[in-house]
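Chemist: One structure coming up, written as structure tokens, with questions to follow.
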Amino acid sequence: MIESPVLSLGIIFILGFFFSRLIKKLKIPTITAYIILGIFLSPNLFNLISENFFESSGFFTNIVLGMIAFSLGEGFSLRTFKEVGRAVTGISITASVIPWIFVTLAFWFIFKQPFYIALVMGAIASATDPATTVAVTQEYKSKGEFTDTLLGIVAIDDAWALIIFGLSLSLAGSFINGGANLAGVYKDLLKAFLEIGGSILLGTIIALLFNKFCHFIHTTKDRLIYTFGFLLLCAGSAVIFNLSVILACMIFGAVLANINRTSFDYFDSLREIDAPLYLIFFVLAGASLKLDMFMKVLALTAAFILMRSIGKTSGAFVGARMVGASTAIKKYMGLALLPQAGVALGCALVAKHTIGGVWGDLVLSVAIAATVIFELAGPWVTKLSLVRAGDIGIEE
Amino acid sequence: MKVKDAMKKDVIKVRRSTSLRALLGIFKDFHSLPLIPVVNGDERLIGIVYSENLLDLLRPRQTKLFRNVPFVEIDKAVFDLEPLPAMGELIITEDIMDTNFVVIGEDDSLADAYKSLQLHKVEKLPVVDKEGRLLGIIGIFDIIWRMFKEKGIV
């Protein structure tokens, strides 16, 4: 077993590189490859990397989640909403909110899980996987109204998902040791709202500071250091003040995108360093999985997959109806939105750290198991819906 | 030395209503022209068309939308679409121009202009006055030319 953290990182990077190459031949997405690698390296299986290293995953989780939230915040500009239009915005909201409500209610009432666990699982259900969706539309050269709407939705709906998750986790965090009586519930709610308000305030302040001093940037290297520095400042302050890293970083990105004309340069600069961080992040996610737990949560995983699928299809249907979209969009959009990957896992990892203990492991295990299934079946389902909608021609 | 001492003043510019066909014609007739400014009635700069914006018309829609969505790899393939001839008139400059762009002020120093060109990885920058009206355009070569002229070489 390797104890040195530096050597561990080196091994994770190199194995990650070759493993993703190997597994790509099997047409399995990169993120899944990293998760599987994490499972292999973890104390569960080959025990190659010490447990101490994996215990430190909170450090990377906060940085990477901060980066993901910040990038998605860029999509929350007036410009983006104008570009994607009213219909897409409407469907993206219902297709995120309704699965959240569905899974939460099902886990709470039918599967008798604690309310905060149900809430977090519900929030995880709203995330989708833009990467798979884009890859499928590109591979099959899908085109038409359905494809355009679908791409518009997946471009912005993970931002909704992160907001939902941020809100849910703040609420869940307050309820973990929550009061049993009504006064206790009010106190918990107040705590959650303070956390949410504080995160929004923090993100806004950081964005304003960023904007105020950005004229000191002279080179592209400066820009990367400045952007990354401010991002860590935002995520770190959120941790110190017990606020939501996700909400704070997302608001930081959103405010910046709206007040700074050249903000796209800052968002671009982070792309230079995100790949290795994402790799570590997903290997850690895989390694955090407790295999014995995995077996115990099979029923819950099946329930999650079922309820999320129903939630997505009905959510998309309701949204499409509200905005007066075509029949194909009403019928098949929910199906096309089923793939799930990075954002869901990121959320699950954060939830594991926030909730902790057995319940934390439960959330992560269900999320990983469901993600792997959605990730493997997702592309096929998306393709099917594109064919049904008539956007992929059937080859003779 | 200031930007206004080195910039080119005769700028080729278009209106937001200029058709795609006319725009392509302008790009074609000028040797190495990385950008065309778009101005409104009172000469205020409202957008910029880069050759990249023209290429986007040949790519599947939403390429831009996913630029910073995590984990998405956009295949920047062009030629995947089959544009219709009517696009030439149906698409106007406003549909494709970038409304987020970097400018430089006429009274900024040449050193600032140079820095800005490097920082934003662009070949040319539009020059504007305080009210945002387009006055000229400045590129690396304009700066080089001005420096050589200063030293008496040209």
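Please treat every number below as a calculation from the coordinates, not as lab data. Bear in mind the structure is a predicted one, so any value in this text is a computation, not a measurement. Quick reminder, even Gly has a Cβ in these numbers, built from the backbone with ideal geometry, and neighbours come from all protein chains shown.
Chemist: Take the Cβ-Cβ distance between residue B:82 and residue A:183 as r, set R0 to 51 Å, and report the resulting FRET efficiency rounded to the nearest 0.05. Could you put the intermediate results ahead of the total?
Modeler: Details: r = 66 Å, r/R0 = 1.30.
Here the calculated transfer efficiency is 0.15.
Chemist: On to the next question. All other residues with a Cβ under 12 Å from the Cβ of residue A:358 taken together, and with Lys, Arg as +1 and Asp, Glu as -1, what is their net charge?
Modeler: Working: positive: A:290, A:296, A:352; negative: A:292, A:361.
Net charge in that neighbourhood comes out at +1.
Chemist: Then there is this: Could you calculate the contour length gain from residue A:48 to residue A:79, that is, 0.36 nm times the residue separation minus the distance between their Cα atoms, to one decimal place in nm? It would help to have the intermediate numbers written out before the result.
Modeler: Numbers: separation 31, 0.36 × 31 = 11.16 nm, distance 4.77 nm.
Roughly 6.4 nm would be gained on extension.
Chemist: Taking chain B as a Gaussian network, Cα atoms linked when under 10 Å apart, which of B:94, B:73, B:106 shows the biggest mean-square fluctuation?
Modeler: B:73
Chemist: Among the chymotrypsin sites (Phe, Trp or Tyr not before Pro) in the range A:24-123, which ones are in a DSSP loop with at most 14 other Cβ atoms within 10 Å of the Cβ? Mind listing them? Before the final figure, lay out the partial values.
Modeler: Numbers: sites: A:34, A:40, A:46, A:53, A:54, A:59, A:60, A:70, A:76, A:81, A:100, A:102, A:107, A:108, A:109, A:111, A:115, A:116; in loops: A:46, A:76, A:111.
Hits after loop and neighbour filter: A:46.
Chemist: Through the Karplus equation 6.51 cos²θ - 1.76 cosθ + 1.60, θ set to phi - 60°, convert the phi angles of the range A:84-99 into ³J(HN,Hα) values in whole Hz; use x for Gly and Pro.
Modeler: 7, x, 5, 4, 4, 4, x, 5, 4, 6, 5, 6, 9, 6, 5, x
Chemist: Additional query: At residue A:241 and residue A:145, where each label point lies 7 Å from the Cα along Cα→Cβ, what is the point-to-point distance in nanometres?
Modeler: It works out to 4.6 nm between the two label points.
Chemist: Each label point is 7 Å from the Cα along the Cα-to-Cβ direction; what then is the distance between the points at residue B:42 and residue A:56, in nm?
Modeler: Distance between label points: 5.9 nm.
Chemist: Separate question: Give the cross-link partners of residue A:112 among the lysines, using a straight C-alpha distance below 16 Å as the criterion and excluding same-chain residues fewer than 8 apart.
Modeler: Output for residue A:112: A:296.
Chemist: For peptide A:131-140, compute the average count of partner chain beta-carbon atoms within 10 Å of each residue's beta-carbon. Please report the intermediate quantities before stating the final value.
Modeler: Numbers: counts 7, 2, 2, 11, 4, 0, 3, 6, 1, 0.
The shielding value for this peptide is 4.
Chemist: How much net charge surrounds residue A:33 when only the other residues with a Cβ under 13 Å from the Cβ of residue A:33 are counted, with Lys and Arg +1 and Asp and Glu -1?
Modeler: Numbers: positive: A:21, A:24, A:25, A:27; negative: A:375.
Combined, the nearby Lys, Arg, Asp and Glu give +3.
Chemist: Could you tell me the distance between the Cα centroids of the range A:224-239 and the range A:345-379, to the nearest Å?
Modeler: Cα centroid to Cα centroid, the span is 26 Å.
Chemist: So if each residue of separation counts as 0.36 nm, and I subtract the Cα-Cα distance between residue A:22 and residue A:326, what length gain in nm does that give? Let's see the in-between values first.
Modeler: Working: separation 304, 0.36 × 304 = 109.44 nm, distance 4.13 nm.
Result for the pair: 105.3 nm of gain on full extension.
Chemist: For residue B:107 and residue B:4 in the same chain, what is the full-extension length gain: residue separation times 0.36 nm, less their Cα-Cα distance, in nm?
Modeler: Numbers: separation 103, 0.36 × 103 = 37.08 nm, distance 0.65 nm.
Gain in length upon complete extension: 36.4 nm.
Chemist: Give me the one-decimal nm value for the distance between modelled label points at residue B:130 and residue A:205, 7 Å along each residue's Cα-to-Cβ direction.
Modeler: With each label placed 7 Å out from Cα toward Cβ, I get 3.4 nm.
Chemist: Once a ≥ b ≥ c are taken as the square roots of the eigenvalues of the Cα gyration tensor of the range A:34-141, is the result rounded (a/c under 1.5), prolate (a/b larger than b/c) or oblate (a/b not larger than b/c)?
Modeler: Values: a/c = 1.98, a/b = 1.36, b/c = 1.46.
Cα axes put the range A:34-141 in the oblate bin.
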